[in-house]
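What follows is a single structure, written as structure tokens, with notes after it.
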Amino acid sequence: MANSMILFLTLVAIACANLVLAHEPSPLQDFCVADFNSSARVNGFACLDPKQVTAEHFHLRGLNIAGNTSNPLGSFINRPTVHEIPGLNTLGISTVRVDYQPRGVVPPHRHPRAAEILTVLEGTVLAGFVTSEPENKLISKVLHKGDVFVFPFGLIHFQQNVGENDAVTIAFLSSQNPGVIAIANAVFGSNPPINADVLAKAFQVDNSVVNKLQAPYN
């Protein structure tokens with residue numbers, strides 16, 4: 001009886017661990033090109049008939065083209081996902097190119113469905129993330145051409161061009177559709193807005209400061 005109970009609890013623990021660690025499922029066929037016209041609702045997109053699949057479903061042009069960094073952040077993000085490359089469907093990967101002018105930033109954000117590995121193609125980039133355990137520890141490093149840095153799954157992270165010239169990075173993410181939650185936009189630009197009193201208490205500032213931060217989004 002005791003051995004049966006131990007076996008039962010062991011199986012439950014294994015099942016729970018698998019549920020916790022579950023991510024995008026492994027493909028059960030060579031490919032599953034996204035069929036955007038299908039009414040089927042699955043975790044991802046339904047599969048296009050393989051007989052209709054062509055090379056163009058796995059192809060994207062233009063990732064070599066520099067983006068326009070003339071904006072307040074001084075950066076441009078080219079983030080093709082399964083919507084631009086239908087052949088990514090069920091493969092659990094995607095890519096992103098970022099161009100930075102000097103001092104340009106990718107502000108603190110997180111990907112709710114992906115880890116990320118970043119490579120510097122040109123320039124000097126400060127990259128970092130904040131941990132949850134130990135709580136709020138900043139792990140960051142100045143990266144140079146050819147350097148690689150990893151952002152763990154779901155953690156808040158950022159990049160900044162700290163060099164004197166333009167910079168370029170390319171990254172790969174462990175999801176066909178990793179999602180992006182920009183922290184400042186989410187907190188101060190939600191629709192409808194988060195109550196100013198809540199944010200004032202959370203950030204220990206006056207309501208007038210919160211109102212000023214929310215104003216650009218209104």
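The values are calculated or read from the model by the stated rules, or taken from the named source; none is laboratory data. Fair warning: this is a prediction, and the values are worked out from it, not measured in the lab. Here the Cβ is made from the backbone with ideal geometry for all residues, glycine too, and neighbour counts use every protein chain on show. Accessible surface is based on the protein model in full, side chains and every heavy atom, while ligands, DNA and RNA are left aside. Shrake-Rupley method; radii C 1.70, N 1.55, O 1.52, S 1.80 Å.
In region 128-151, how many are outside any loop (DSSP other than H, G, I, E, B) and closer than 12 Å to Thr169 by Cβ?
Residues flagged as outside any loop (DSSP other than H, G, I, E, B) and closer than 12 Å to Thr169 by Cβ within region 128-151 amount to 4.
Check region 142-159 and report whether any residue there is of a type in the set (S, T, N, Q), open to solvent by 20 Å² or more (accessible area, probe 1.4 Å) and modelled with pLDDT of 95 or more.
No, region 142-159 contains no residue that is of a type in the set (S, T, N, Q), open to solvent by 20 Å² or more (accessible area, probe 1.4 Å) and modelled with pLDDT of 95 or more.
How about region 161-217: which of its residues are of a type in the set (Gly, Ala, Ser) and more than 30 Å from Ser26 (Cα to Cα)?
From region 161-217, those of a type in the set (Gly, Ala, Ser) are 163, 167, 171, 174-175, 179, 182, 184, 186, 189-190, 196, 200, 202, 208, 215; that's our starting set.
The answer is Gly163, Ala167, Ala184, Ala186, Gly189, Ser190, Ala196, Ala200, Ala202, Ser208, Ala215.
State all residues of region 189-218 that are open to solvent by less than 70 Å² (accessible area, probe 1.4 Å) and in a helix (DSSP H, G or I); if no residue qualifies, say none.
Ala196, Asp197, Leu199, Ala200, Asn207, Val209, Val210, Gln214, Ala215
Quick one: what pairs do we get from region 63-77, first residue within 15 Å of Ala167 (Cβ to Cβ), second basic (Lys, Arg) and surrounded by fewer than 18 Cβ atoms within 10 Å (Cβ to Cβ), C-beta under 8 Å, 6+ apart or different chains?
Taking only residues 6 or more apart or on different chains, the pairs are Gly74/Arg103.
Quick one: would you say His111 is modelled with pLDDT of 95 or more and under 24 Å from Glu84 (Cβ atoms)?
yes
Check off (1) more than 29 Å from Asn43 (Cα to Cα); (2) without any contact (Cβ under 8 Å) to a residue 60 or more places away in the chain for Asn191 and give me the number that stays unchecked.
(1)
Residue-by-condition table, conditions (1) of a type outside the set (D, E, K, R); (2) under 19 Å from Gly154 (Cα atoms); (3) touching a Phe, Trp or Tyr at 6+ places or on another chain (Cβ under 7 Å):
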{"site": "His59", "(1), (2), (3)": "yes, no, no"}
{"site": "Ala66", "(1), (2), (3)": "yes, no, no"}
{"site": "Asn78", "(1), (2), (3)": "yes, no, no"}
{"site": "Gly87", "(1), (2), (3)": "yes, no, yes"}
{"site": "Pro108", "(1), (2), (3)": "yes, yes, yes"}
{"site": "Leu118", "(1), (2), (3)": "yes, yes, yes"}
{"site": "Glu133", "(1), (2), (3)": "no, yes, no"}
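If we keep just the residues of region 163-188 that are open to solvent by less than 50 Å² (accessible area, probe 1.4 Å) and part of a loop (DSSP other than H, G, I, E, B), which is nearest to Ile117 (Cα to Cα)?
Per the criteria, the residue is Ser174.
Considering only region 61-126, give the strands (runs of 3 or more DSSP E) lying wholly within it that have at least 1 residues that are open to solvent by 40 Å² or more (accessible area, probe 1.4 Å).
Counting at least 1 such residues, we get 75-78, 105-110, 116-122.
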